[in-house]
């Protein structure tokens, strides 16, 4: 990645460097930038949510990061934390009023279906607790 504040933000979110994330946000980095060079189109929040970087997720959410941003496969940060099982991040995302619980990826999976597929019952319970649909169907089943 390059040396702009936005490039450094993406790199810091991937590696869990909260000090650099804070610095980049203060420098005006694009908090919703995508890793186009890596071909995934993930935002810093995708990386932090999937890797369990609670502090970075909080920093990005406080700065106004798009909780419903989707990667090239249609997955949101909530899909990433549903897969990885990071309950604190899941709770932070679902507390954000604009979070879409029923956002579907390219396979038609909601975050709840993703959590269930990966055996993350605690994430399923949290999502159901805030109203995620248990009757949604994906493209496979």
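Read the figures in this text as sums done on the coordinates, not as results from a lab. Remember, it's a predicted structure, so these values are computed and weren't measured experimentally. Here the Cβ is made from the backbone with ideal geometry for all residues, glycine too, and neighbour counts use every protein chain on show.
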Provide, as a two-decimal number, the C-alpha radius of gyration of the chain over 2.2 N^0.38 Å, N being how many residues it has.
1.01
Going by how many other beta carbons lie within 10 Å of each one, how would you line up 6, 22, fewest first?
22, 6
Applying a 10 Å radius around every beta-carbon, put 127-138, 10-21 in order of their mean neighbour count, most first.
10-21, 127-138
Taking the Cβ of each residue in 104, 96 as the centre, tally the other Cβ atoms inside 10 Å and list the residues starting with the fewest.
96, 104
Percentage relative contact order, the range 100-141, counting C-alpha pairs under 8 Å, at least six apart
44 percent
Between residue 36 and residue 91, what is 0.36 nm times their sequence separation minus the Cα-Cα distance? Round to one decimal in nm.
17.0 nm
Defining a contact as two alpha carbons under 8 Å apart and six or more residues distant in sequence, what relative contact order in percent does the range 1-94 show?
24 percent
Length gain on complete extension for the stretch residue 107 to residue 19, per 0.36 nm per residue less the alpha carbon to alpha carbon distance?
28.1 nm
With label points built 7 Å along Cα→Cβ from the Cα atoms of residue 137 and residue 73, find their separation and express it in nm.
2.4 nm
For n ≥ 4 DSSP H runs only, could you compute -39500 (n - 2.57) per run for the chain, divide by its residues and tell me the 222 nm figure to the nearest 500?
-14000 deg cm²/dmol
